[in-house]
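Notes follow the structure.
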Amino acid sequence: MTRADIVEAIHKSGKVDLSKRQISQLVNATFDIISEYLSEPEENKKVMISGFGAFIIKKRKSKIGRNPKTKEEKVIPERYGLSFKAGKNLKEALKKGKK
């Protein structure tokens, strides 16, 4: 699902009394703010969306990697990564959708 798909789904749902353009601006602003907040990584920094889930910054330890072609070992430095933990409502919706 793309941003445009999200905008279209919100518009068709009739849950908000906004134009498609206004919905698009709101969706873009929301994603921009979340991205800006998470782009300055620090361990355990979170964006929690109640009922949906949480985006969490986690520090990945450095490790030894290997080039599959040359078999040369290389140190992969520690870095920050982003993980997502589904919220209760999303987990329940996924269970109901199981067939």
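Where a number appears in this text, it was derived from the coordinates with a stated rule and is not lab data. Remember, it's a predicted structure, so these values are computed and weren't measured experimentally. Ideal geometry is used to build each Cβ from the backbone, glycine not excepted, and the neighbour counts take in all protein chains shown.
Annotations for the structure displayed:
- With each label modelled as a point 7 angstrom along the Cα→C-beta vector, the K58-I6 pair spans 2.2 nm.
- Rh (Kirkwood; distinct C-alpha pairs) - segment 42-99, Å: 14.0
- Residue-span extension gain [Y37 to R66] - 0.36 nm each, minus C-alpha spacing: 7.1 nm
- Over 23 Å [Cα-Cα, the chain], rounded percent: 51
- With R₀ set to 30 Å, the beta-carbon distance separating S13 from K45 gives a calculated FRET efficiency near 0.45.
- Partners of K63 within straight-line reach, counting lysines whose Cα lies under 17 Å from its Cα and excluding those fewer than 8 residues away in the same chain: K71, K74.
- Note on the chain: dipole from Cβ charges, positive end direction compared against M1, G53, A93; the farthest Cα belongs to A93.
- Links that overshoot a 21 Å alpha carbon limit, given the list K58/K95; K58/K96; K12/K46; K45/K85; K46/K91; K59/K95: K58/K95; K58/K96; K12/K46; K59/K95
- Volume of the Cα convex hull of segment 1-40, divided per residue and given in Å³: 64
- Taking the helices alone, the chain has a mean residue ellipticity at 222 nm of -13000 deg cm²/dmol, built from -39,500 (n - 2.57) per DSSP H run of at least 4 residues and averaged over all its residues.
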